Each structure stands twice: as structure tokens, then as C-alpha cells.
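Here the structure is laid out as C-alpha cells; the discussion comes afterwards.
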Amino acid sequence: MNQQTNEKIQLTTLLEKVKSYTVSSLGKKRLDTLEPTANLTVVKRRLNETAEGRTLLDAKLHMPFMGLGMIDHLVTQLEKGLVLDAGELIECADFLRSCRLIKQFMEKNDSLAPLLATYSQSMETFLLIEEDIYFSIKNGQIDSEASKELKKIRRLIAERESKIDERLNKFLKNKTNQPYIQEFFVSKKNERFTIPIKASYKNQVAGTIVETSSKGTTVFIEPTSVSKLNDEIFELKMAEATETYQILATLSGLILENLQSININLELIAEYDLIFARAKYSREINGITPKLNTEGYIHLIDAKHPLLGEEAIPLNFKVGKEYRGLVITGPNAGGKTVVLKTVGLLSLATAYGLQIAATEGTEMALFDQIFVEIGDSQSLENALSTFSAHIKSIAEMMEVAQPNSLLLFDEIGSGTEPNEGAALAIAILEEFYQRGCIVVATTHYGEIKRYSEEHPDFMNAAMAFNQDTITPLYQLIIGESGESNALWIAKKMKLKPSVIEQAHLYQTSKAYNVEKKSFSINKKSKEEDTIITKETVDFKKGDRVLLTEKQKAGLIYSYDKKQEKATVYIEGELLEVLSKRLKLEIPATELYPMDYDLASLFVSYKERKEEHDIQRGSKKALKRIHKEIKKQQ
């Protein structure tokens, strides 16, 4: 998957969250190298691994991970031929012990996690190496029992140190020496045993000055009586260092000899660490294993965006079976973009072997490619406008998109003149559809909605909107065409009713009022207007009139000149109104072409659309009719 897709749907953020559950750098590196795949067998295995790990965690059974902090670094050191120190060898022993305990753990729990248990069969145990290291090293130091030679050397050192201690204490107690002594204790300086002597008496004491205090008032003298013993200890210490190095080298060699098998264990431990990180993440989100397919069919049931936490609104979503294209409409900030991100992120999460927060029955498709075009990609550096960047991104998709690709477009075709943008968007959708891709797009353009309604393999969907509170509900309703709710909001905001009504008329008819009007300072009264109307106007069907009392616009449906009454179509209803209460605004002859079907003015767009669909044999329309008939039976 390309980096742009990863960034726009926040895949990296999700993987970092999973990575936080690993216990070692091994698991983190394994996740870094893992790639999403459309291979059904591989993804099924990954999801089974996650599910089995979750089963063990739910049973309060935890993998005995130990010694993982530096093991990969230590293996690298050994491969370079370096000898490990005592602490590093203990780290290795802890890791080998962890491998042995993990193997035992998986064998014991193979009934709960049969797949994970099979992996442990490839692990080797190194009990003898463990025991050698733990026997030879105690408290971070080579133990004297590690070899006979080391034990002998340390015994000789102890004997000589005891003799030195005895002779120096005798020196301190000698009354002759006491006037010369600055402080009455034995001090070890530069690995030599010394007595602190007053500087003024340094020539009175037989011995070697090893060090002088910073102020020069004290000199640390090694008395002649212990010089030979100190020399012997120095030689014994050299022998001790040689022997301990030999022991460390031997233990390091034991590990190096088995490094090939240990590296296999390392890979398995890294895999186990990642599997249990996925399982811990699944437990946090209460995830489920979705059904899988390679036919491009996605069916989300109460699915949640994995990064929104408690704020996530459950999403119900379908695409890929009854229809391969979905066009989502609705108001700004209504959740359309979140739908796209949720679909894209859950698709990739599944390909990584992550369980998803959804209800059982959810089904996910495995795609070879996932492309996302979301948000403002304006590039100042390349002087690209938002629209140019939008189209450039889509052009790059067209270079590589193949069948079994998922494409997610946010506000497709936006950022330019609406008619051109809509036409271009429809052509883009058609191109990807013809290639066999699954396409999901959000839009405000009515033309794209109409294209989706007419295309037998596309479906409209709308974001729900609470018209009482003028707030989005962030819920997707498939099968409905959403509106931007601009007119509803305008009404709630007390915009002049006649303006809103005019906008309603312009939605269904493009016969705009372009008549030039003459303005006069001397305005006629309403009474004069009424009289003029009464005397001069003969209303015709389709005339646009103003109800003077209600200040609402409507259309003449019929007019009875004798009764001086007209039937007016207003706000979806037919009302009888006295002609003197009406004012002619625009005659029908100026509003509509000569052969225009005036009857269509008094039928809703939905009814006209349905009639048109029936006439052309639309499968969707016929299905709706059958449903209505069944309801009435």
C-alpha cells in the first residue's frame, strides 16, 4: 500500500498503538517488516493467530517472555566474534530459559491454541547452556566455583590480603608509629594497601609513597613490610582476570556454536511477541474476527473506527455484492469522511491480521490495492491548487489501479466549477468501475447522485441529519440520497419564506427569473395591487403568484374566473385562494418553454423519477414497487 494511503487513513498511528503492546524490540521490528496482503490463506492464519492469543489472554494465561531486552544486540556481538561479559551472558541465559518455558507453555495449552502450539515445535531448548551460565555467574560476577583454577587463585589472593591486613594493623598499633599517622585506618590506593601518614613525617616511615592528598598534608605510604605481598596480589589479580576471561569466552562460545538454532528461536519469539500484541489490542477494543472474501464484498455491522475510542459511532456499511459503487451524500461535518477512513483502515487492519471492533457477521474483503483521496492536498512547493492536487492524485491511481482495488474518494470532483466537476467525477467513477474496482465516493453534487441512481451497479447512501436540532447524527443510511440540508437550515434560521420557496422551485426547474424590473419611487399600495390584479389578470396554469396575506409564493394549478377563485400549489399542497389575494409574479409563458409539461410541476421529483425509472425498466424501481405491493397485502 502506498504511503499516501497510510497517512490519510492513519494506518501508522494504528500500528504504533499495536506496537505499544509488544514487550521487546524483536516484536516491534517484526511489525515494522510486516506487510498487508490479499492472500486469503495468509490473512486467515494471521487472524487465527490473533484469536488464539486472545483466547489465552482471556483465560489469564500469559507467555513467559524473559531476557528480550538486548538479545538481538547480543547475538550481533557474538556474530562479530566478541566475548560477552557476565551481565550479558545472564541476559542470554534468561532468553534461553524463556524459550524453554514458552515451549512448555505452548505444549501445555495446545488445546486452547493449537496453531500457536505448532510453532513451538520448531524451538530448541538449551538447558545445559542455561545451567552452565547460571552456575558460573552469581550476582553479576564470575563465581569462584566456575573453575578449579579460579577458585585456587582467589584463595591465594585472600590469604595474602589477610596477611597484609594483619601486618598493617600491627603497624597502626605500634606506639612508635602513632605520631606519624594522620588517620588510623588502612586505605587502598591504586590497588595497593597504604597507611595515611602526615606529610611532615614521610621520611620517618619505611615504604613507598603511593599517593598524596590534594592539600599535600597527607601521604599514603605502602610500608615495606607489605610491599612483597602487594606485588604477589597484583600478579594473582592478573591471573584471575585471565581465568575469568577464559570462562566468559567459553560460555560465549557455547552460545555461538548454537547460534543458528538460537536465531530460529529469536524469529519465533518475535512472532509470538507480535501475535500477543495483536491479541492485547483486540482485547482492548473487544475485537472480532471478520469473515473474509476476495470478491470485493465489505459488510460492516456496528463497526467502529479503531482510533476514535468511546467517541466512535457504530457504522453499518455494505458494498461489493449487490452494487460495486457507493455514493455518499449529506451535510458537511456529517461524518462522510469518517466513513471512508473507517472502511479503509479496517480493510488494512484485517490484512495485517488485526481483529476489528464490530459485531459478528461482519465480512471484509481482501484487496490487492487500496487508494484513498481525502482532504486538502494543496502543495505550495509545486504550486498546485487543491483541485489540481486532487486530480493529480487520481491520475496516479489510474496508472496502477487494477481489478480487486478499493478506491475511496472524498468530495470527488470538488474544487472547481460544479458542472465540470460533476461531469469529471462521473467519468472517473465510470473508469474505475469498468476496471473492476470497488468505488466509494462522497459528494455534494446532485448530478453524481443522479448518476448513482440510474446506474444499476451503484447505490446512493446518506448521512442521517437531525432536522430538529440541525445536527448530524453520523449514521449512514444506505439506499437513500442525502441532501446538504441547506434549505432546511435556512428555514430554521428564519430566512424569508418566499426566498426558500423560490429555491425549492429552482431545485426542480432551472427557469430562473431573469426579467428586468423597473423601479419607481412611488410605490402602489397593496389595495391598489389587489384591484389591478382583479381587473386585469387572467391566471393561467403554471403562473407563479404571491399570496399577499401569507407572503408565500406558489404556482397556479387552475383558475375559475367566474368564482374569482384559484387553486394554488404551495409547499406540496393544493389550496383554494380568492384571486384578489393573489399577485401575479411571473406568467407561465415566461417561466417555461412552449412544449413544457406543466403537469410535471405538481408532481414531486421523486415521483417523476420513479415514473421515469419504471418506463425505462429500472430494476431498482421495480423492486421498490414489489416491496410496496407486499406491504399492502
Checklist entry - Looking at 315, 339, 442, which one has the Cα that reaches farthest to the positive end of the dipole of segment 291-491 (charges on Cβ: Lys, Arg +1; Asp, Glu -1)? => result 315
Checklist entry - What's the FRET efficiency of residue 602 with residue 398 using the Cβ-Cβ distance as r and R₀ = 60 Å, to the nearest 0.05? => result 0.85
Next on the checklist: Can you compute the helix-only [θ] at 222 nm over the chain? Use -39500 (n - 2.57) per DSSP H run of at least 4 residues, normalise by all residues, nearest 500 deg cm²/dmol.
Outcome noted: -15000 deg cm²/dmol
Checklist entry - Once fully extended, how much extra length lies between residue 302 and residue 141, figured as 0.36 nm per residue of separation less the alpha-carbon to alpha-carbon distance? => result 52.1 nm
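Using DSSP to define loop residues, name the chymotrypsin sites (Phe, Trp or Tyr not before Pro) in segment 36-114 whose beta-carbon has at most 15 other beta-carbon atoms within 10 Å.
Values: sites: 65, 95, 105; in loops: 65.
Answer by residue number: there is no such site.
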Checklist entry - If all Cα-Cα distances of segment 123-178 are sorted into 10 Å bins from 0 onward, what percent lands in each bin, rounded to whole numbers? => result 20, 27, 21, 16, 10, 5, 2, 0
Checklist entry - What fraction, in whole percent, of alpha-carbon pairs in segment 1-99 exceed 19 Å separation? => result 60
Next on the checklist: What are the membrane-span-like helices in the chain by this rule: whole DSSP H runs, Cα extent along the axis at least 18 Å, mean Kyte-Doolittle hydropathy at least 0.0?
Outcome noted: 86-108, 224-257, 259-285, 336-351, 386-400, 418-434
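Report the full-extension gain for the segment residue 562 to residue 478: residue separation times 0.36 nm, less the Cα-Cα distance, to one decimal in nm.
On the way: separation 84, 0.36 × 84 = 30.24 nm, distance 5.14 nm.
Full extension from residue 562 to residue 478 adds 25.1 nm.
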Checklist outcome for this item: Heads up, segment 248-352 by the C-alpha gyration tensor (a ≥ b ≥ c square roots of eigenvalues; a/c under 1.5 rounded, else a/b over b/c prolate, else oblate) looks prolate
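Over segment 291-491, what is the percentage of antiparallel beta bridges among all DSSP beta bridges, to the nearest 5?
On the way: 11 of 33 bridges.
That works out to approximately 35 percent antiparallel.
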Next on the checklist: Please report Rg (one decimal) and Dmax (integer) in Å for the Cα set of the chain.
Outcome noted: 43.1, 150
Item to check | Compactness of segment 151-234 - radius of gyration and Dmax, Cα, Å | outcome: 12.9, 43
Next on the checklist: Could you check the spin-label model distance between residue 4 and residue 115? Points 7 Å from the Cα along Cα→Cβ, value in nm.
Outcome noted: 3.4
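For segment 291-491, rounded, prolate or oblate, judged on the Cα gyration tensor with a ≥ b ≥ c (square roots of eigenvalues), a/c < 1.5 rounded, else prolate if a/b > b/c?
Cα axes put segment 291-491 in the rounded bin.
Just so you know, all these numbers are worked out from the coordinates, no wet-lab data involved. Bear in mind the structure is a predicted one, so any value in this text is a computation, not a measurement. As a convention, Cβ positions derive from the backbone with ideal geometry for all residues, glycine included, and neighbour counts pool all protein chains shown.
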